[in-house]
Amino acid sequence: MSKRKFREAKVWEKPQVKIEWVEEEMTSYATTGTLIDLFAETPHFPEFIQCLPKRVSNNSYPTEVFALSLMAGFIHGQDSIDDQEEFEDEPGVESALGETPKPRATGDWLRDFTDENRKDLNHFLHRQAMSYRKKIAKNKPLILDIDSTSHVQHGEKMEGLAWNYKKEWCLDSLVAFDEVGLCHGMELRPGNTFSSVGAEQLLESCTTGLSHNDEKYFRADSAFCNEGVLRACLRLGYRFTITAHENMGWMNDKNEITNWTPWIWSEADVKKAEKRGEKLPECEVGHYLYRPSWSDSLRFSVVVVRTKSQDLPLLNQMGGVWEYYAVMTNFNLFKKTDQEVIEHHRKRGNSENFIREEKYNYDMKHFPCQKLSANHAYGQLGLVAHNFLRTIAVLDRPDKPHFAKKLRRKFIFIPGRLIKHARTLTMKIPLRFREAVTRLIEAWQYKPEPAIGFG
């Protein structure tokens, strides 16, 4: 029997690359012009410009240049307005915008935003989202998740900084996302603001253009389980599910439930548990009627799910111990089962992904200005950019859209060479990126219906 022969392992040799300096205009932002054009060509772009502070000085850039320059920064994932210095002498950006403002000028522009400008921008966010929904979620009911989040800061001079209940030195934001990830409104406020403050006003702003009878849903955590939010939902025609707060006394009232029914695990849940070698827990659901203290005539259903703990072996041998979770709702439980209500409410957890996207992929974890109103405007403009990119992501992959980080690698960080000839600018992009760029353009080749009637 002959001996097996092994090839000798190759020794890696570093390729020798010769550097050659050229005068050609090259860029890593080759698709910037395309993206800015796509955004500026949408029917609601003129309305967007009307939300911005006016620039009347001949020595100032037009207000749309400030906005589009900041939008380009958000699209490319810049961390702050200081990073806009990267756009200086950058042919990909200059070909789209011309000369770009300095960071200090952009900061002055943000400080010019009035309360009216920021109110208009919040209304625009909702109209923009509703317009985009007509393409990516057509004929689907609006499902709105409102939540608050902290933005930890490390300075001392910024307006609004305060200690929150988590002992964080921060600002706080209240934000509304729908089920496809589009933002409908955002408020920035002092860090010690309670989560639900302003929720009724934001909910009303997010309902502009919708009638009371339009099918729409609202989901929130227990911080929003209060009279003001519940009355707003009823007044505006929302079907809601809100995590029940302990001050309702539901932990005692749950003893009224006699109609406990077993949880029906899906085939996917069963397969996942088998793959992990785990046993699915014993789980049951039921409901009872709750009368709020502020109304004698209203009754809401409180759906309770109880799961037998698997972490306490000794107690399990004695029959186990139940862990409880409750949701208040005005759903018609003749049409929806208790389990369907819980499953619908649990999907609000996806809004946490969009909040994380906002904070880390658009760097709204930190804010650039000392003035609270300027930081609010900065955050709103970032969410306008988020809605734009999110729509592209859903159009590109409706079943599983990319988040911003991967979307940028796919469509935005593309090299190119700018050619200037006979007063014509031509961006030359490597052929291997042709499919991605063409798909980007084709994905946006529709005219989102202008949000007429959302005044």
*Scan the range 389-401 and report the pairs whose first residue is touching a residue at least 60 places away in the same chain (Cβ under 8 Å) and whose second residue is part of a helix (DSSP H, G or I) and surrounded by fewer than 18 Cβ atoms within 10 Å (Cβ to Cβ), with Cβ atoms within less than 8 Å and a gap of 6+ or a chain change.*
Thr391/Lys135; Leu395/Lys135
*Going by the structure shown, is Ser80 over 28 Å from Lys365 (Cβ atoms), surrounded by fewer than 22 Cβ atoms within 10 Å (Cβ to Cβ) and either in contact (Cβ under 8 Å) with a residue 60 or more places away in the chain or not assigned by TED's automatic domain parsing to the domain that holds Leu425 (or both)?*
no
*Tally of residues being crowded, with 20+ Cβ neighbours inside 10 Å and of a type in the set (Gly, Ala, Ser) across the range 339-355*: 1
*Among residues of the range 250-287, those that are within 34 Å of the chain's Cα centre (by Cα) and under 14 Å from Tyr324 (Cα atoms), counted*: 9
*Can you find a residue in the range 132-142 that is among the β-branched types (Val, Ile, Thr), surrounded by 16 or more Cβ atoms within 10 Å (Cβ to Cβ) and at pLDDT 95 or above?*
no
*Can you confirm whether the range 97-114 contains a residue that is surrounded by 15 or more Cβ atoms within 10 Å (Cβ to Cβ), out of contact with any strand residue (DSSP E or B) (no Cβ under 8 Å at 6 or more places or on another chain) and closer than 23 Å to Ile414 by Cα?*
yes
*Residue in the range 410-419 that is at pLDDT 80 or above, of a type in the set (A, V, I, L, M, F, W, C), assigned to a helix (DSSP H, G or I) and more than 15 Å from Tyr362 (Cα to Cα) present*: yes
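Conditions tested, residue by residue: (1) β-branched (Val, Ile, Thr); (2) surrounded by fewer than 22 Cβ atoms within 10 Å (Cβ to Cβ); (3) under 28 Å from Gly107 (Cβ atoms).
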{"position": "Asp172", "(1), (2), (3)": "no, no, yes"}
{"position": "Val175", "(1), (2), (3)": "yes, no, yes"}
{"position": "Ser205", "(1), (2), (3)": "no, yes, yes"}
{"position": "Ser211", "(1), (2), (3)": "no, yes, no"}
{"position": "Tyr217", "(1), (2), (3)": "no, yes, no"}
*Determine which member of the set Lys216, Lys254 is at pLDDT below 95 and at negative phi.*
Lys254
*Test Asp120 against the stated conditions and say whether it is over 18 Å from Gln201 (Cβ atoms), out of contact with any Ser or Thr (no Cβ under 9 Å at 6 or more places or on another chain) and either assigned to a helix (DSSP H, G or I) or acidic (Asp, Glu) (or both).*
no
_Residue list for the range 291-324, filter: farther than 15 Å from Pro262 by Cα and either modelled with pLDDT of 90 or more or assigned to a strand (DSSP E or B) (or both)_ = Arg291, Pro292, Ser293, Trp294, Ser295, Asp296, Ser297, Leu298, Arg299, Phe300, Ser301, Val302
*If Tyr288 satisfies every condition in (1) closer than 14 Å to Ile342 by Cβ; (2) in a strand (DSSP E or B); (3) not aliphatic (A, V, I, L, M) but one, which is the exception?*
(1)
*Residues of the range 186-243 being of a type in the set (Lys, Arg) and under 20 Å from the mean Cα position of the chain (by Cα), which ones?*
Arg189, Lys216, Arg219
_Selected residue (criterion: farthest from Gln84 (Cα to Cα)) from residues of the range 30-46 that are surrounded by fewer than 18 Cβ atoms within 10 Å (Cβ to Cβ) and more than 22 Å from the chain's Cα centre (by Cα)_ = Pro43
*Where residues in the range 356-376 are assigned to a helix (DSSP H, G or I) and touching a Lys or Arg at 6+ places or on another chain (Cβ under 6 Å), which of them is surrounded by the fewest Cβ atoms within 10 Å (Cβ to Cβ)?*
Lys359
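The values are calculated or read from the model by the stated rules, or taken from the named source; none is laboratory data. Not measured: the values here are computed from a predicted model. For neighbour counting, all protein chains shown are included, and Cβ atoms are generated from backbone atoms with ideal geometry for every residue, glycine included.
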